[in-house]
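Reading through the structure tokens given below for one structure.
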Amino acid sequence: MIIVGIDFTSRPSKSKPLTCLNCEFDGTVLRAGELVEWPSFEGFDAFLLSSGPWITGIDFPFGQSRRFIENIGWPKRWRDYVEFVGSMERSDFRAKLDEYRKPRPTGDKEHRRSTDIAAGSISPQKLYGVPVGLMFFEGAPRLLQAGVTVPGVLDGDPHRIVVEAYPGVLARRLIGRRGYKNDTPKNQTADQANARRDILGKILDGDCVEDFGFNVEAPINLRDDPTGDQLDALLCAMQAAWAWQQREYDFGAPSGLDPLLEGWIADPVTCAKTNKLDSGDKEAIGFGTPDAHSIRRSKKRTVGGTNLVSLPRRILDKAHSDGRPELSKIMFLLGAG
């Protein structure tokens with residue numbers, strides 16, 4: 001399968017292009033291939049319209065929080081409010097978000113989606129610092145116009161699939177909160193270079209296999225880019241490959257997803273944290289499939305000396321439809337404790 005990781009920016013240029021890493025995935029190994037840079041949205045738009053099959057992970061927020069959408073009075077379906085946003089000028093969109101934020105008290109000016117809370121990412125309303133709000137403005141309408149499929153959000157061409165990636169959450173699991181990139185040359189440091197070396201080294205050494213279920217082969221020089229864009233494109237590709245592995249199970253989407261409004265980040269641990277089980281608890285189940293790894297990451301409890309684990313309803317329903325009714329129970333028997 002063709003897997004593509006794209007590091008996104010709201011204003012591509014020669015000095016800060018969109019970075020695209022083309023990969024191949026055979027189910028066990030993700031192999032990084034050609035690296036392409038687009039200094040404008042022209043290349044990005046052409047890619048979205050290119051023939052599949054392919055799946056890509058792109059690192060911008062695909063949606064806004066339900067709280068923000070309801071408060072501001074925008075349409076309550078993803079495709080409708082994205083179409084509305086797409087009709088605005090960039091300056092108008094910025095003004096709308098500024099107007100919303102200014103009268104609100106500190107701590108209630110910008111809201112996060114459920115997936116942002118799970119991933120530790122900032123609000124998709126953010127216009128300053130890392131302007132992910134502007135990335136949403138530039139990116140989401142392009143997905144809608146291109147007619148791609150965004151699992152759980154938008155039904156489009158089933159051979160052109162796009163998932164929201166967030167490389168930062170994967171990088172933090174590998175190296176903690178060490179900085180590993182900077183766009184400004186004078187702020188690029190040896191410590192950041194060492195952090196990029198550690199991220200890529202851990203990936204190539206198999207540190208992500210437990211969460212992702214596959215190995216990665218990639219050139220060492222991806223770590224040499226001080227902006228981190230090339231390395232981030234690889235992390236995006238890994239998250240897209242994980243989603244492809246889960247395609248029979250909603251591409252790994254959280255069972256508690258607010259699908260027609262907020263969207264979700266395609267990352268195994270992030271999706272696990274946002275999964276809401278039938279009991280109403282948020283749990284870390286790891287994978288979207290009813291395999292041993294998923295079960296190990298599910299909530300376990302002991303009753304009468306027996307280990308039991310809760311499984312999400314979507315997994316139970318899928319297991320039953322696959323002819324495995326023994327799994328279609330709320331509690332799955334793991335064995336004697």
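Odds and ends about this structure:
- Criterion (more than 14 Å from the chain's Cα centre (by Cα) and within 24 Å of residue 234 (Cα to Cα)) met by exactly one of 142, 101, 79: 142
- Highlighted here are the strands (runs of 3 or more DSSP E) found entirely within segment 1-81 that include at least 2 residues which are assigned by TED's automatic domain parsing to the domain that holds residue 231, within 21 Å of residue 220 (Cα to Cα) and without any contact (Cβ under 8 Å) to a residue 60 or more places away in the chain: 18-25, 29-38.
- Residue check for residue 231: touching a Pro at 6+ places or on another chain (Cβ under 9 Å), within 21 Å of residue 2 (Cα to Cα) and assigned by TED's automatic domain parsing to the domain that holds residue 7: yes
- Taking residues in segment 103-116 that are closer than 28 Å to residue 167 by Cα and in the same structural domain as residue 66 (by TED's automatic domain parsing), and partners anywhere that are part of a loop (DSSP other than H, G, I, E, B) and among the aromatic types (Phe, Trp, Tyr), the pairs with Cβ atoms closer than 7 Å and at least 6 places apart or on different chains are 115/264.
The values are calculated or read from the model by the stated rules, or taken from the named source; none is laboratory data. It should be emphasised that the depicted structure is a prediction, and the values quoted were computed from it without experimental measurement. Note: ideal-geometry Cβ built from the backbone for every residue, glycine included; neighbour counts use all protein chains shown.
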